[in-house]
Structures are given as C-alpha cells and as structure tokens.
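*Asks:* I'd like to ask you about the structure that follows.
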Amino acid sequence: TVTVHDEDETNKFQYKVIENSGFGADKFTMVRNNDGTGSLKIVQPLDYEDQLQSNGFRFRIQVNDKGEDNDNDKYHVAYSWVVVRLRDINDNKPQFERPNIEVAVYENAQIGKT
C-alpha cells in the first residue's frame, strides 16, 4: 500500500506506474483504494526461477492530486521509486533424471562404504 500526504483537502489521488521507468514496470499497475491510498496490482506472471526476476524489480510510480490527465502539472504530481523483491515459494519439487536407477553391488562389499 502506498500512502500520500497532501495538505490540500480536496484531493482526488490518481496513481500509475511510469512506463519504461525500470525493470518490472510492465508487470504491475497501480490502483486507487477506497481510502485514497494506492496499491500495486500484478498484471503479468512473476517467477522467482527466472534469473532476472529473482533479483527483483525497480521502477517509478506517480501520483497526482487532481485526478486523471494532470500528469504534466509539476505542482500536482509526485514520483517515487518502488523496489519489489520476490519471495521464492517451493513450487517445483525435485525430480530424478531417470525414473529407475539400477546399481550393482558386490556381495562382499564392506558395510558403510559407498
């Protein structure tokens, strides 16, 4: 959740992810919550096993206090960097390369030896 402080009382906060502002900007959008705060919403799949994604994402977001179409008014727009770190879940179980493994062991093999 993103919270914004503004002394003006008649704000209509509008949030957005800045396109091409950094790695991962295309994977998220911003939504306005009922209480005026903003939240990141995932719009593309995330995968910790993807080597680039496992390092996380960094991109910019914007808020303006006049509603839509006021992105260029510097008195009503603020920006922030967002860093998103993925937490790995164990969604891939280990697998043997071969389903059946055969070994030969001498009958006089010593106990405890490999």
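*Asks:* Before we move on, is Glu49 in a loop (DSSP other than H, G, I, E, B), of a type in the set (Asp, Glu), at pLDDT below 95 and surrounded by fewer than 10 Cβ atoms within 10 Å (Cβ to Cβ)?
*Replies:* Against the criterion (in a loop (DSSP other than H, G, I, E, B), of a type in the set (Asp, Glu), at pLDDT below 95 and surrounded by fewer than 10 Cβ atoms within 10 Å (Cβ to Cβ)), Glu49 does not qualify.
*Asks:* Does Asn11 satisfy the condition of being out of contact with any strand residue (DSSP E or B) (no Cβ under 7 Å at 6 or more places or on another chain) and farther than 27 Å from Asn90 by Cβ?
*Replies:* It is true that Asn11 is out of contact with any strand residue (DSSP E or B) (no Cβ under 7 Å at 6 or more places or on another chain) and farther than 27 Å from Asn90 by Cβ.
*Asks:* Counting only residues that are in a strand (DSSP E or B) and more than 11 Å from Val77 (Cβ to Cβ), which one in the range 2-14 is modelled with the lowest pLDDT?
*Replies:* For the range 2-14, the residue satisfying everything is Lys12.
*Asks:* A further question on this structure: Any residue in the range 1-21 that's farther than 12 Å from Ile61 by Cβ: show its pairings with residues that are of a type in the set (Phe, Trp, Tyr) and modelled with pLDDT of 80 or more at Cβ separation under 8 Å, as long as the two are six or more apart or on different chains.
*Replies:* Correct list of pairs: Asp6/Phe13.
The values are calculated or read from the model by the stated rules, or taken from the named source; none is laboratory data. The structure displayed is predicted, hence computed values, not measured ones. When we count neighbours, we look across all protein chains shown, and the Cβ atoms used for this are built from the backbone with ideal geometry, even at glycine.
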